[in-house]
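Below: one structure in structure tokens.
The values are calculated or read from the model by the stated rules, or taken from the named source; none is laboratory data. The structure presented is a predicted model; accordingly, all values stated were derived computationally and were not measured. All Cβ positions, glycine included, derive from the backbone under ideal geometry; neighbour counts span all protein chains shown. Remember, those area values only see protein heavy atoms, side chains included, never the ligands or the DNA or RNA. Shrake-Rupley method; radii C 1.70, N 1.55, O 1.52, S 1.80 Å.
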Amino acid sequence: MVRCFLIHTVCPISALSAGECRVLYSRVFGPDEAVLSEEHRELSPEERRLLQKEKVAVVARQVHSAVTLSREASGRQPVEMVPGEEALALQDADSGVARLRAGDPFDQEMSVLWLGVQSLGFTLVCEPHENLLLAEGTLRNLTRHCLEHLHMLGSGSEVLLKSSRIDVLLSRLLPHGQLLFLNHRFAQSLEKEVAAYMAK
Amino acid sequence: MYSHASESLIKQAREIQEPELQKFYSRLVKLLQGKELGHETVDSLQRLHLILSATKYTRTLPSELRTRLLSLLSSPVEQLQVLSSAVLREMAPLSGEELNYIQENVGQLNSQTAALLLSKAGTRADLSSVCAQLLRSLDNRPSEGSANSLMHVLPVLNSVLTHSPECLTEDHMTLLNKKLVDWLRYASIVQGGGASSGRFFTGPRSRQPVPIAELDGTVSGDFFTVLCVGQGFTEDQWMNVYSFSMLHHWLLTSHSASNGNTTAETDDRSEVDGSVVSMVSATSSSSRLLPPKERLREKAFQYCQRLIEQSDRKAQKKTDTELQKACLVEAVCILDCVCVEDASLVFRTFPCIKALFGRLSPDLSFARVLLPIAQFYLNHGEMAALDCESVWKLVLGQFPAVLFNDPFLAHELLRFLRLNLEKLQLRVPQYTHFFPNLLKFLAWDSPAVVDDFVDLLPSLVTPATAVELLHTLLDLPCLSATLVLQLRSTCLPISEPGGRGLLSLDAFRNPSFRGLFLFMLRAEAGSGDTIDRLSTLHDLLTEAADWPRVVQCAQTIPVLLHIYFNTIVTVADEKLLAHLILVMLERSCVLLNIPTYIKEIHRVFSCHLLRLCKLHPSLVVDQSHELLEFAGIPGNVYSKEEIYTHVVWVLGEYLSVSCDSRCSVRLITTCFETLEAVLFEITSSGSLPGAVCPAPRVITTLMSALAKLASRSHDLIPRVSLFLSKLRTVTRGGSVPWCSDEEDLVAIVTRGEELWSLLKAPGVAQSILTPSPHITTPQWHRDTNVAMPLQLRALTSLTHSQ
């Protein structure tokens, strides 16, 4: 299962101070692990929510530094792209996977897959026995849809103001964090539903 | 992509003031009271979500707004369901009343409501009730309602299974096992209607049902799987996809959870004749007699076999080719899983896995599929008497050498090694010899995999390969540069004019240096600890010292060296440790010249030299010749200050008869003379103006070492005392050329005076500077003077409340 899906900033941006990482969208699937763990029994619901937000922020920061280091090592600087060039932006994206140890920040060990498209990162946090090939394909697909339907290559703020579109996208392609084995026909069918929703 | 406008939106959402917020809430309530909920409502809901999610502190909504939002959960408009669920997820948990409301009004739990209930569940009981509700809806098929309404049930159950498997009762498990069997094996084999709702149109002039097709276009001749296509799909075909998607996880968690109860039965029933491998889909009549769990296992087995066969077809679309790969991985994992549960299935499975390995091993683009196959071989290879040699040769010998720059393969391969470490050490003894290959992952992308190596390195430290491993670790930045050059060399056949890496690339292609680089790129250990012309290699790679990849690699080495040394002391004998000390001394000047790298390595060496000598003091006498050689070179005081200081210190501390009976007076005298000569030289006034001063610590360490040695051989005391009094005289005259800082000079002189006065009473000097073991290894609990405070302290901490 996928534990969470995030969209966050990954490189120095003029709008933010150095090293700061802004989470633009986050969706944690399933029950809150703090509810079922021994050590967090005494937390109030507000504290649990805070804990979850902090965990998400930790993941975002880890990916932020992973992307920075990866781009530094490869020497490739992302090329500015404009709306309309989504496919190219995706092709040009950096990708990688990192390991999060148990307890840091999730109770179990997790694998974090990320895609760095210019100044934004799209991240999937997967449980250990997950099929990473499938996860990689799903992440690319999700990213492509987000870039297209939310016009993310432009300077708009749709990712903030139309987050329900991402929710619907996730409910079709990653329902409750379940990765799906979709051949092109099944995928087409779901994408038609998503497109119909986005058009409203 | 992320503009100032977006940033200010978030800031506004966070900093919105209470009065304005209340006004917004009231306006929203009014909007929600209306009959028609149009664009303005949707936009306001969206803004509400932004306001709530932008801050990590939970806001409270007025109860009327909460009630309105709850009612939206059952709205026919999907957008409203989505938004209300998203908003409520950011809030405090649902009260008992609210939960009742949902029970009564939302009827059959839709996907958004289920998500809300899951995320707000406060206890296991809450989760259990969600599961129970969903499973009830599975059992009682609805006569109306959209055909897609059941599809979220399996993902939700799977999600609960991850966190809390005990929320599902035995009955639930049985029901699910049965349903999964139906959907996996008996889904329709005709295409559904064209409409996206998946409904099957049954008009009077409906077309003849069209059978499903395979990915290469041919008509399918067997049961439906995720690799089958059609114009549209029926509901059970959708459930087939959902079932397979969760199958692996279901088998792993649910079956292992309830394994205890049914082992007795399965032993009887697993007398399946392994030699008759009938056509994949032939439903053996005996399977209907199996209990649900075993039946699911059998169907899972058949499904996976079919997938493996289907993956051999040439798909018409690229995305489907990718899916076939993912299906292969999943199928092999599931087969491995069922074989672990039921060992008799191994005999039916391994021919297929073996054939798959044969088919895929030549093609490196299937490397990630070969890893689960390797796992199968590791788990069941022995039982099936499979030849595993070729698998390990591929996985350990070829993959790292060719695919070191594939981050996903690196992650999965290293994970495979980590999870199976014990088994590998048992069944694949040659694993430790492949460290040069495995370290290529680290050399290429240190930040991503260093964490894995922290876990794996101890297993690679063996007495047989220890020395070569140390050399390899120290030269990892060179390997990093070599890999970069290797890739560049294959990508750019013609050298770029004025491009980066020109000199080193030329060197890489130069036949006379080929051997150096080939040694770096070797796959296995055993062909020599290191090369003679190592410094030549370092010179050739000088310009690589500022390549980011090389620098990142260099930054991880100190940590790994610490792990190396911490492990080696547990497995090495004194002879090996002696050899390692020599390696440290030798390599301290033979390192790739990356600015802080050399300093860091020296620091690590110093720390562990100290530790080794402390653990085995006789090493110092053993290696005294080499240590003295090192200590006798005045240049080392400046270029290797850290190590030099520690070498002198260990000589002073451990070159004594109490540490090793082989220590003769002659040895002590020789050592004394060597150190004395260096001390004279570095404190002479003959040094050029503007030259570097020796570090004060070196001087004080030398002085202390000389004093210690003298305390063991009293003839030497006059010589030391003479030097120390001369020192006092010289420094009284003001500044000295070998020490620029006045405070440091005072410290040096003070130390000199202390030693001088100590040496005036040789007996005292000996007991202080060469204390006998019982003083240096106190056993506090036996010492009556010390035991009492310890006892009191222990009692206090026990009686103190936490």
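Quantify, in whole percent, the carbon and sulfur part of the accessible surface of region A:2-199 (1.4 Å probe; protein heavy atoms only). Please list the in-between numbers first.
Values: 3540 of 6970 Å².
Answer for region A:2-199: carbon and sulfur cover 51 percent of the accessible area.
A further question on this structure: Return the value, in Å² to the nearest 100, of accessible area buried between chains B and A (probe 1.4 Å, both sides summed).
7700 Å²
Still on this structure, please answer the following. Suppose the chain between B:Ile633 and B:Lys726 were pulled fully straight at 0.36 nm per residue; how much longer would it get relative to their current alpha carbon spacing?
31.2 nm
What are the trypsin sites (Lys or Arg not before Pro) within region A:54-129 that DSSP puts in a loop, where the Cβ has at most 11 other Cβ atoms within 10 Å?
Loop-located and lightly packed - A:Arg76.
Something else: Within the accessible area of region B:616-779, what % is carbon and sulfur when the probe is 1.4 Å and the other protein chains stay in place?
57 percent
To continue, here is another question. Stretch B:Thr321-B:Asn405 to full length: gain in nm at 0.36 nm per residue minus the Cα-Cα span?
28.0 nm
What FRET efficiency, computed as 1/(1 + (r/R0)^6) with R0 = 35 Å and r the Cβ-Cβ distance, is obtained for B:Thr169 and B:Ser75, rounded to the nearest 0.05? Let's see the in-between values first.
Numbers: r = 33 Å, r/R0 = 0.93.
After rounding to 0.05, the efficiency reads 0.60.
Counting other Cβ atoms within 10 Å, which trypsin sites (Lys or Arg not before Pro) in region B:646-708 have at most 11 and lie in a DSSP loop?
Numbers: sites: B:Arg662, B:Arg666, B:Arg697, B:Lys708; in loops: B:Arg662.
For trypsin sites (Lys or Arg not before Pro) across region B:646-708 that sit outside H, G, I, E and B with at most 11 neighbouring Cβ atoms in 10 Å, the list reads B:Arg662.
For a 26 Å ceiling on Cα separation, which of these pairs sit above it: B:Lys325/B:Lys393; B:Lys178/B:Lys318; B:Lys440/B:Lys599; B:Lys640/B:Lys708?
B:Lys178/B:Lys318
In region B:574-590, which residues have a backbone nitrogen under 20 Å from the label point lying 7 Å from B:Arg611's Cα in the Cα-to-Cβ direction?
Label zone hits: B:574-588.
Rounded to the nearest 500 deg cm²/dmol, what is the calculated helix-only ellipticity per residue at 222 nm for the protein assembly as shown, with -39500 (n - 2.57) per DSSP H run of length n ≥ 4?
-19000 deg cm²/dmol
Would you jot down the residues in region B:539-562 that end up with at least 40 Å² less accessible area in the complete protein assembly than in the chain alone, with a 1.4 Å probe?
B:Pro548, B:Arg549, B:Gln552
For B:Glu524, tell me the accessible area in Å² from a 1.4 Å probe, rounded to the nearest 10.
Using a 1.4 Å probe on the heavy atoms, I get roughly 90 Å².
Hey, can you grab everything whose amide H is under 5 Å from the amide H of A:Leu24? Only 5+ residues off in sequence or another chain; H modelled, so Pro and N-termini drop out.
Those lying under 5 Å, H to H, from A:Leu24 are A:Ile7, A:His8, A:Thr9.
Separation between the B:Thr570 and B:Asp182 pseudo-spin-labels, each 7 Å from Cα along Cα→Cβ, expressed in nm?
Taking the simple label geometry, B:Thr570 and B:Asp182 are separated by 5.4 nm.
A further question follows. Anything losing 50 Å² or more of accessible area from the isolated chain to the full protein assembly: pick those residues out of region B:421-456, probe 1.4 Å, ligands and DNA/RNA ignored.
Residues shielded by partner chains are B:Asp451.
Please check which bits of region A:154-177 a label hung off A:Val82 would reach, taking the label as a point 7 Å along Cα-to-C-beta and the cut-off as backbone N under 13 Å.
So the set is A:154-155.
Taking the Cβ-Cβ separation of A:Ser65 and B:Lys599 as r and a Förster radius of 22 Å, what is the calculated FRET efficiency to the nearest 0.05?
Working: r = 24 Å, r/R0 = 1.09.
FRET efficiency, A:Ser65 to B:Lys599: 0.35.
Given the pairs B:Lys293/B:Lys354; A:Lys53/B:Lys11; B:Lys11/B:Lys35, which span a C-alpha to C-alpha distance of over 24 angstrom in this model?
Among B:Lys293/B:Lys354; A:Lys53/B:Lys11; B:Lys11/B:Lys35, the Cα-Cα distance tops 24 Å for B:Lys293/B:Lys354; B:Lys11/B:Lys35.
Do any residues of region B:73-95 lose at least 20 Å² of accessible area when the full set of protein chains is present rather than just their chain alone, and if so which, with a 1.4 Å probe?
Listed by number, the residues meeting the 20 Å² cut-off are B:Glu78, B:Gln79, B:Val82, B:Arg89, B:Glu90, B:Pro93.
Taking region B:10-83, which trypsin sites (Lys or Arg not before Pro) meet the DSSP loop condition and have no more than 14 other C-beta atoms within 10 Å?
Qualifying residues, ordered by number: B:Lys35.
Separate question: What Rg and what Dmax come out for region B:616-779 when only alpha-carbon atoms are used, in angstroms?
15.6, 52
Take the solvent-accessible surface of the protein heavy atoms, probe 1.4 Å, and return the percent of it on region B:1-98 that carbon and sulfur atoms account for.
The nonpolar share, carbon plus sulfur, comes to 51 percent.
Ok, one more. Once the Cα atoms of helix B:548-571 and of chain B are each reduced to a long axis, what angle between those two axes, in degrees from 0 to 90 to the nearest 10, is obtained?
70 degrees
Mind checking the per residue accessible area of the protein assembly as shown for me, 1.4 Å probe, whole number of Å²?
43 Å²
So how do B:Thr319, B:Thr225 rank on accessible area, 1.4 Å probe, biggest first, that is with the largest at the start?
B:Thr319, B:Thr225
First measure r as the distance between the Cβ atoms of B:Leu364 and B:Glu389, then evaluate 1/(1 + (r/R0)^6) with R0 = 30 Å and state the FRET efficiency to the nearest 0.05.
Efficiency at R0 = 30 Å is approximately 0.95.
I need to check one value: relative contact order of chain B, counting alpha carbon pairs closer than 8 Å and at least 6 residues apart, in percent.
Numbers: 834 pairs, mean separation 44.7, N = 802.
Relative contact order comes out at 6 percent.
According to a simple spin-label model (label point 7 Å from Cα along Cα-to-Cβ), what is the distance in nm between B:Ser772 and B:His4?
8.0 nm
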